[in-house]
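Structure first, commentary second.
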Amino acid sequence: MTARWLVVHLPAFRLERCGFSFDDLAGLIAEERNALRVICATPAASAEGIQPGTTAAEARALVPEIELIPLDREGEAADRRELLRSFGRLSDRVAALGDDDILLEVSRTAHIFGGEEGVVGAALALAEEFGHRARVVLADEAIGAAAVARTGLRALGEAGRVIPRGALAGELADLPVAALGPSPALREALRTVGIRKVGDLVRLDPASVAGRWGEEAAHLTRIGRGESVGVPGPPARDEGPIALSAPLAGATTLSEVAFALPSTIGRLVQELAARDLAVIRLRVLLRLERTADARGPTLGLVQVPVRAGRPTRDPIRLRRLIQSRLEAVRLSAPVSELVIEVAESAPALGWQPGLIDRTEATEPLPELLARLTDTLGEAAVFAPGVVDRWRPETSWEPRLFPAAPAIRPVGVGHALVADPVEAQDQWVRAVVRRPRPSLLLPLPQRIEMRPGDPLAVRLGESWVAVTHLEGPERLQGEWWRIGESLDREYWVATLGHSVAWLFREQMRWYLHGWFD
């Protein structure tokens, strides 16, 4: 199946999260090149001439009523992560695409929402739920879809659009080349020779484009032609390795070392968020002080490798991992410095809802089931349904999960009970003498029963006393199966702290299940 990419462009995300709207005159400022400069502005402020790079003084002179607030990198990164998690409801492949765009691969999930038009509408509704105005485009190629969302839809005043397969090149032709995000040098080179629109670029011979302007221009030409160029990776950044340190004036215990962990990990997470990275492996270094009998300024280093198991930049998880590794360290001298280095990292591709640990999961169950069904196949995801058969181990069958299970009042006698749990309890008390076990073995397990006082059952190598026994409940049937007819006496047996479901057939005893 050919990939289909959905781009959610949030033109004012960085300011909307601070409480501003499109029509407010506001901007974020941070120190750059020895001055406080505007990092981004609301659409209304941009229309008044406030552009990124404008100094705060120039912005106030140009628009006296503008409100400028300091950039909160850590808070912004946290909000962006939460937004990525939320868009995991629509796809299992979610990533940030720059500061203002979210990228989703929806070829396998669009049908859950009624098709491509439906998933575009769901993305718009989800952005609105979080207080953000968005422009959404679904197309064959990610960068091309982002270009239409940023520029094309703004010109048309639309909120969302599905671009049919093979039609992306036509949508891009009239857009400025700058919409594809070329480097400043390439943009200026193309402008010099009069190439201002994407259509002008794609009309050139591809070999001539690559020979004159290099691989970047050839790459943008392929995008302009509507060709798939794969998932965009993070921008190349030559920022060097990530290593954070904290002085420890002669720490002699690991508790003193651990005291410096929260602040150091906090700075580490902030740096990872700024680079849009997640940790795979860390290296913790403990620099030891010189002792009286040591030669040289230091005694050496203690190196502790830490593997995350999965890419993460969760500070709580990182702290727990580092502390558990440090428990095995034995200090031979006081520690003068704690250093945490990132040995291996990966692009932060968004959050995947927890399947094994459901405490992490915020994805609604119907959406999770639909996603698993798409990935694993319908036969692999099912719920057990009760069928009318005499033999307990065959009295169920796999059934598809309902997309949205309906809970209706259940009649018990002459009353309606809204709570399905209470309805089930009342029905069991009124009709069923003994409820069925919560764990039914696939096949009955042969056991030994020792008569006497007390009665005992052999489980494995041990005899367990039966402290309470209820029964019998006789199940009979399947007389038409020659040699396999059912004639069992079932008993509910208390074995210490456990309650078992036993039966006797042809003078032999079997374990068939366990009650909660």
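The values are calculated or read from the model by the stated rules, or taken from the named source; none is laboratory data. Note that the structure is predicted; figures quoted are calculated from it, not measured. Methodologically, a virtual Cβ is constructed for each residue, glycine included, from the backbone with ideal geometry; neighbour enumeration extends over all protein chains shown.
A few comments on the model shown:
- Looking across the range 62-74, the residues that are under 18 Å from Thr42 (Cβ atoms) and either of a type in the set (S, T, N, Q) or outside any loop (DSSP other than H, G, I, E, B) (or both) come down to Leu62, Glu67, Leu68, Ile69, Pro70.
- Residue in the range 25-46 that is in contact with a Ser or Thr (Cβ under 6 Å, 6 or more places away or on another chain), assigned by TED's automatic domain parsing to the domain that holds Gly160, of a type in the set (Gly, Ala, Ser) and farther than 21 Å from Asp276 by Cβ present: yes
- Thr109 being within 21 Å of Pro43 (Cβ to Cβ), in contact with a helix residue (DSSP H, G or I) (Cβ under 7 Å, 6 or more places away or on another chain) and of a type in the set (Ser, Thr, Tyr): no
- Boolean, Ala189 is surrounded by 14 or more Cβ atoms within 10 Å (Cβ to Cβ) and in the same structural domain as Ala125 (by TED's automatic domain parsing): no
- Contacts under 7 angstrom Cβ, first residue in the range 68-83 being assigned by TED's automatic domain parsing to the domain that holds Asp24 and surrounded by fewer than 14 Cβ atoms within 10 Å (Cβ to Cβ), partner assigned to a helix (DSSP H, G or I) and at pLDDT 85 or above, 6 or more apart: none
- Residue check, Ala95 within 22 Å of Leu180 (Cβ to Cβ) and either hydroxyl-bearing (Ser, Thr, Tyr) or modelled with pLDDT under 90 (or both): yes
- Taken together, the residues in the range 496-513 that are surrounded by 14 or more Cβ atoms within 10 Å (Cβ to Cβ) and farther than 16 Å from Arg446 by Cβ amount to 1.
- Identity of the residue in the range 276-334, of a type in the set (Val, Ile, Thr) and assigned to a strand (DSSP E or B), that ends up modelled with the lowest pLDDT: Thr298
- Unmet criterion (only one of (1) touching a helix residue (DSSP H, G or I) at 6+ places or on another chain (Cβ under 6 Å); (2) under 20 Å from Val136 (Cβ atoms)) for Arg165: (1)
Residue-by-condition table, conditions (1) within 27 Å of Asp79 (Cβ to Cβ); (2) modelled with pLDDT of 90 or more; (3) among the hydrophobic types (A, V, I, L, M, F, W, C); (4) in the same structural domain as Glu82 (by TED's automatic domain parsing):
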site	(1), (2), (3), (4)
Ser107	no, no, no, yes
Gly114	no, no, no, yes
Leu124	yes, yes, yes, yes
Arg133	yes, no, no, yes
Ala142	yes, no, yes, yes
Arg150	yes, no, no, yes
Arg154	yes, no, no, yes
Leu180	no, no, yes, no
Pro184	no, no, no, no
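- Some residue of the range 109-128 being assigned to a loop (DSSP other than H, G, I, E, B), charged (D, E, K, R) and within 23 Å of the chain's Cα centre (by Cα): no
- So Leu443, is it surrounded by 14 or more Cβ atoms within 10 Å (Cβ to Cβ) and assigned to a strand (DSSP E or B): no
- Within the range 14-40, restricting attention to residues that are under 24 Å from Val137 (Cβ atoms) and out of contact with any helix residue (DSSP H, G or I) (no Cβ under 8 Å at 6 or more places or on another chain), the residue that is surrounded by the fewest Cβ atoms within 10 Å (Cβ to Cβ) is Ser21.
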